[in-house]
Amino acid sequence: MRIIGLTGGIACGKSTVTAQLINNGVPVVDCDLIARQIVQPGKPALIQIQKKFGNKVILDNGQLNRPALGQIIFNDKSQNVELGKIMGPAIQAQIKWEILYAFLTGSQIVVVDAPTLYETKGLISMCGEIIVVATTEEIQLERLMARDKSTKKEANARISSQLPMETKINHPATTEVVMNNGSREQLSKTVNKMIDRVQNRAGVLHRVLTLPGILMLLGLGMYGVSRL
């Protein structure tokens, strides 16, 4: 099975690409969704966060008080590091479980949707290839302002807080760039072609090296032995 990393910048269309992958039957590991799931009431990560940062970061209904936690970590970088020590391993463990599930169910490829893939770095070595969804700075700014109803200054601040798009595009691990400068229809056609290329690149070996493939080979082997 081939593991594909998918990343990009804000308002570049990565979520649209992810939705199309899912609609085409490609299994997707959504890192943002996992980050929300692991801090649900009763989850080990939330219990650790409560122990570390106190009851003030927990709402009366047991949910994480995100604004309260955000105020702590944004005002103290050392506290942000401590949160990362809790969240990072929990997120990576769940990612690995979901990749394993895709492997066990015979998937040829699995896509890991990670907005901060290059920032966190931990997932880069797991990916056989990495696809970056990108657009021009002008289009990115225009789309973000329209989407969030934000001012140009606010939109620029959000874009500037991320790793520069050029850094992601030119990163040595980037194997393909999907430029989303046109319409949704154009992006859809580009993604369909990308899916075909990725599946073709996976090759026969990656199709065979899944649990069903291995069991099939073992079965053929046993069949051959039984005929000797």
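Listed values, structure above:
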item	result
Residues being open to solvent by 70 Å² or more (accessible area, probe 1.4 Å) and assigned to a helix (DSSP H, G or I) - total across the stretch 53-63	2
The stretch 119-167 - residue that is in contact with a Leu (Cβ under 6 Å, 6 or more places away or on another chain) and open to solvent by less than 10 Å² (accessible area, probe 1.4 Å) and, of those, modelled with the lowest pLDDT	Ala155
Residue in the stretch 150-165 that is over 19 Å from the mean Cα position of the chain (by Cα), farther than 28 Å from Asn23 by Cα and of a type in the set (Val, Ile, Thr) present	yes
Qualifying positions in the stretch 1-41 - in contact with a Lys or Arg (Cβ under 9 Å, 6 or more places away or on another chain) and polar (S, T, N, Q)	Thr7, Thr16, Gln37
Search result, residues across the stretch 3-60 that are within 24 Å of Thr167 (Cα to Cα) and not hydrophobic (A, V, I, L, M, F, W, C)	Gly5, Thr7, Gly8, Gly9, Gly13, Lys14, Ser15, Thr16, Thr18, Asp30, Asp32
Contacts under 6 angstrom Cβ, first residue in the stretch 153-180 being touching a residue at least 12 places away in the same chain (Cβ under 8 Å), partner acidic (Asp, Glu), 6 or more apart	Leu163/Glu119; Thr175/Glu129
Which listed residue, of Ala114, Ala102, is buried (at least 17 other Cβ atoms within 10 Å of the Cβ), touching a Ser or Thr at 6+ places or on another chain (Cβ under 6 Å) and at negative phi	Ala114
Of all residues making up the stretch 12-52, the number that are over 20 Å from Ile73 (Cβ atoms), open to solvent by less than 20 Å² (accessible area, probe 1.4 Å) and not in a strand (DSSP E or B)	6
Where Phe74 falls short, out of the listed (1) open to solvent by 90 Å² or more (accessible area, probe 1.4 Å); (2) modelled with pLDDT of 95 or more	(2)
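The values are calculated or read from the model by the stated rules, or taken from the named source; none is laboratory data. The shown structure was predicted, so the numbers you read here are calculated from the model rather than taken from an experiment. Ideal geometry is used to build each Cβ from the backbone, glycine not excepted, and the neighbour counts take in all protein chains shown. Heads up: the accessible areas ignore ligands, DNA and RNA and are worked out on the full protein's heavy atoms, side chains in. Shrake-Rupley method; radii C 1.70, N 1.55, O 1.52, S 1.80 Å.
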